[in-house]
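The values are calculated or read from the model by the stated rules, or taken from the named source; none is laboratory data. Just so it is clear, the structure is predicted and the values come from calculations on it, not from any experiment. Neighbour counts run over all protein chains shown; Cβ positions are idealised from the backbone, glycine included.
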């Protein structure tokens, strides 16, 4: 069986009610702002709360809110600084994908990692697993 076969099996077995779809809900929310060229509106008063909930639920569905995580002690409003930071990122940051990993884009991805840490977890020493989700 090839990698492509395995991926196709996974994709064909997906159900919108399964945990895996939490990524799709989160991704589609944020990506819709990119597609409409309105990234900065992610953090305006009409979208900030729902954007925080999308991040929160995605992390919760992947067990990032378990007992050993400091996130379990935080409310959804803890994500406001992250949403603001995301809404201020240049549009070309949103266009980096695995098919265009260059040395420059990898530097940008590492910069994004630092932005995430500074927005949320600087004092909590978050693992790469949490930050890079």
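For the range 31-40, does any single residue satisfy the condition of being under 21 Å from residue 118 (Cβ atoms), modelled with pLDDT of 85 or more and not in a loop (DSSP other than H, G, I, E, B)? So far as the range 31-40 goes, yes, one or more of its residues are under 21 Å from residue 118 (Cβ atoms), modelled with pLDDT of 85 or more and not in a loop (DSSP other than H, G, I, E, B). The helices (runs of 4 or more DSSP H) falling completely within the range 52-133 that include 1 or more residues that are at pLDDT 95 or above and either more than 14 Å from the chain's Cα centre (by Cα) or more than 21 Å from residue 40 (Cα to Cα) (or both) map to 103-116. Close contacts from the range 9-36, counting a first residue that is surrounded by fewer than 14 Cβ atoms within 10 Å (Cβ to Cβ) and a second that is assigned to a helix (DSSP H, G or I), with Cβ to Cβ under 6 Å and a gap of 6+ residues or different chains, come to 19/61.
Any residue in the range 7-14 that is part of a loop (DSSP other than H, G, I, E, B) and either touching a helix residue (DSSP H, G or I) at 6+ places or on another chain (Cβ under 9 Å) or farther than 20 Å from residue 120 by Cβ (or both)? Yes, there is a match, as at least one residue in the range 7-14 is part of a loop (DSSP other than H, G, I, E, B) and either touching a helix residue (DSSP H, G or I) at 6+ places or on another chain (Cβ under 9 Å) or farther than 20 Å from residue 120 by Cβ (or both).
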